[in-house]
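Notes follow the structure.
The values are calculated or read from the model by the stated rules, or taken from the named source; none is laboratory data. It should be emphasised that the depicted structure is a prediction, and the values quoted were computed from it without experimental measurement. For neighbour counting, all protein chains shown are included, and Cβ atoms are generated from backbone atoms with ideal geometry for every residue, glycine included. With ligands, DNA and RNA removed, areas are computed over all heavy atoms of the protein, side chains included. Shrake-Rupley method; radii C 1.70, N 1.55, O 1.52, S 1.80 Å.
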Amino acid sequence: MEELTHRPVLLEECIRGLRIRPEGVYIDGTLGRAGHSREIAKRLDGGRLICIDRDQAALDAAQDGLADYMDRVTLVHDNFTNIPQVMDELGLPGADGVLLDLGVSSTQLDDPSRGFSYRYNAPLDMRMDQTQPLTTAQVVNEWPEQELSFILSRYGEERYARSIAAAIVRRREERPILETLDLVDVIKSAMPAAALREKQHPAKRSFQAIRIAVNDELAACSQAVDAIIPRLNPGGRLCIITFHSLEDRLVKNGYQAQARGCICPPEFPVCVCGRTPAIKMTPKKPILPSAEEIKQNPRARSAKLRIAEKI
């Protein structure tokens, strides 16, 4: 079946980075198709794996994908930003490793009905958690033009953000924009001919930006490091995979802040803040997918893995 043949991004690198102990406690905060979770679970003997996902569909599918390991797995419907609360509810004082694979999952992209893809027609949705109220249709049809322009530029790094935002507002004044291909048409109408001939699909950046806004992905990313590191056991590892430069920058800055020791002004003769590093970055630079992995899975091209170890 597809779930069992799906190969997650940077799999070997994540497993090495987590340094899994058979009796340890591990958390996969972004279960997805459970590819990473299967590899973690099969290495446990007396240990425990907590699998968290915002998407109930991922948890439902995991009942089959992790069937051989359910004696050591707990499935939780939640956001990875709530990992400390989940641990408290499960009576877990600390974790030996946490993995986050950020961004949209292949399952969500490949399901036309979810509205994540600009290649299929579907209702404008893009919610990772389908119980949340905000949808893409609301963003596109209700948000002010200035805010639309901002998210297209900021989250999608779209050169024609202003033109696209203006085109969206003009179209919705005529009739609501309710389906993905309607939105694609509006985006295309606002771009010059030269941009439409580029290799990348003209709607890719805009769809990415709106998805990030709908799911509040950058806020979740910025909160994750500070929330999770205090709950790691000494020597525990936090592995985060990002696919967007803004996300990677947030993770990098979060790690650097936690790895920093004394913050006293340089002119102070002795430290008075008493601050010590909480983590060390191992390695300091991100781990990238190999050329072979990118060849087998083009979606891995922009992936970056950063690993932090609790001191």
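Some values worked out for this structure:
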quantity: Cα convex hull volume per residue for the chain (Å³); calculated: 158
quantity: Computed over the range 148-215: relative contact order in percent, which uses C-alpha pairs under 8 Å that are six or more apart; calculated: 43
quantity: Descending semi-axes in whole angstrom, ellipsoid equivalent of the range 184-292, from the Cα gyration tensor; calculated: 39, 16, 14
quantity: Helical mean residue ellipticity (222 nm; -39500 (n - 2.57) per DSSP H run of 4+; nearest 500) of the chain; calculated: -12000 deg cm²/dmol
quantity: Rg/Rh ratio calculated on Cα atoms of the range 104-183 (Kirkwood radius); calculated: 0.96
quantity: Within the accessible area of the range 3-137 (1.4 Å probe), percent carbon and sulfur; calculated: 46
quantity: Simple spin-label estimate for D64 and K295 in nanometres, 7 Å along Cα-Cβ; calculated: 3.2
quantity: Principal-axis tilt of helix 245-259 within the chain, Cα atoms, nearest 10 degrees; calculated: 20
quantity: Burial ranking of peptide ranges 228-235, 84-91 (average Cβ count within 10 Å, highest at the top); calculated: 228-235, 84-91
quantity: At 1.002 mPa s and 20 °C, Stokes D of the range 1-144 from Kirkwood alpha-carbon radius, µm² per second; calculated: 133
quantity: Folded to 0 to 90 degrees: helix 161-174 orientation relative to the chain principal axis, Cα; calculated: 60
quantity: Helix 145-156 axis, angle to the chain major axis (alpha carbon atoms, nearest 10°); calculated: 50
quantity: In range of the label at L246: residues from the range 193-211 whose backbone nitrogen is under 20 Å from the point 7 Å along Cα→Cβ; calculated: 201-211
quantity: Relative contact order (%) - the chain, alpha-carbon pairs under 8 angstrom, separation at least six; calculated: 17
quantity: Lysine pairs with alpha-carbon atoms under 15 Å apart, the chain, spacing 8 or more or separate chains; calculated: 10
quantity: Backbone HN-Hα couplings from phi across the range 69-75 [Karplus 6.51/-1.76/1.60, Hz, Gly and Pro as x]; calculated: 10, 5, 5, 10, 10, 10, 9
quantity: Carbon/sulfur fraction of accessible area - the range 214-311, other protein chains in place, 1.4 Å, %; calculated: 56
quantity: Dipole magnitude (debye, nearest 20) for the range 192-311, charges at Cβ of Lys, Arg, Asp, Glu; calculated: 320
quantity: Radius ratio Rg over Rh of the range 89-137, counting only Cα atoms, Kirkwood formula for Rh; calculated: 1.17
quantity: Accessible area (Å², per residue) of the chain, counting only protein heavy atoms and a probe of 1.4 Å; calculated: 48
